[in-house]
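The values are calculated or read from the model by the stated rules, or taken from the named source; none is laboratory data. All figures in this text were calculated on a predicted structure; none of them were measured in a lab. A quick note on method: Cβ atoms are made from the backbone with ideal geometry, for glycine too, and the neighbour counts reach across all protein chains shown. Accessible surface is based on the protein model in full, side chains and every heavy atom, while ligands, DNA and RNA are left aside. Shrake-Rupley method; radii C 1.70, N 1.55, O 1.52, S 1.80 Å.
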Amino acid sequence: MSKKAFSPSDNKINLFLFISAHTQLLVGIILYFVSPIVKMGMSMPDAMKNPEVRFFMMEHSVMMIIAIVLITMGRILSKKATTDASKFKKLFWFNFIALIVIFAAIPWPTFGMVHRPWF
């Protein structure tokens with residue numbers, strides 16, 4: 001909104017977000033496959049009946065992947081944009097929607113469905 005130029009530091013901040021989000025995705029994938037739920041070999045129909053297991057096996061995972069896709073799309077589309085205003089606009093909206101998805105996928109203690117501590 002301030003009509004400033006898209007500087008190299010703006011690009012570096014966006015690159016840091018992009019790299020850190022993808023690193024978090026890799027850590028999440030590793031944690032997914034070493035989790036006791038996946039190691040137990042729980043079948044998918046049984047997992048879908050338990051709200052807590054379903055949340056971590058499906059809902060959380062899918063929503064976080066959607067957030068990573070949104071961050072990636074924002075970066076790609078902002079790099080292809082021709083004006084500085086459109087670069088900022090694309091980055092803002094894609095990252096804002098990704099942030100909303102991330103907040104929705106966090107297992108908050110007051111969530112009710114998930115009964116486990118964060119750490």
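Please determine whether any residue of region 13-23 is surrounded by fewer than 12 Cβ atoms within 10 Å (Cβ to Cβ) and in a loop (DSSP other than H, G, I, E, B).
no
For the condition touching a residue at least 24 places away in the same chain (Cβ under 8 Å), out of contact with any Lys or Arg (no Cβ under 9 Å at 6 or more places or on another chain) and of a type in the set (Ser, Thr, Tyr), what is the one hit in Ser9, Ser35, Ser61?
Being touching a residue at least 24 places away in the same chain (Cβ under 8 Å), out of contact with any Lys or Arg (no Cβ under 9 Å at 6 or more places or on another chain) and of a type in the set (Ser, Thr, Tyr) holds for just one of Ser9, Ser35, Ser61, which is Ser61.
Of the residues in region 15-46, how many are at pLDDT 80 or above and not hydroxyl-bearing (Ser, Thr, Tyr)?
17
Could you tell me which of the residues Pro117, Pro51 is modelled with pLDDT under 90 and open to solvent by less than 80 Å² (accessible area, probe 1.4 Å)?
When all the criteria are applied, what remains is Pro51.
Being open to solvent by 70 Å² or more (accessible area, probe 1.4 Å) and within 30 Å of Ser43 (Cβ to Cβ) is the filter here, so list the residues in region 63-100 that pass it.
Correct list: Ile65, Ile66, Val69.
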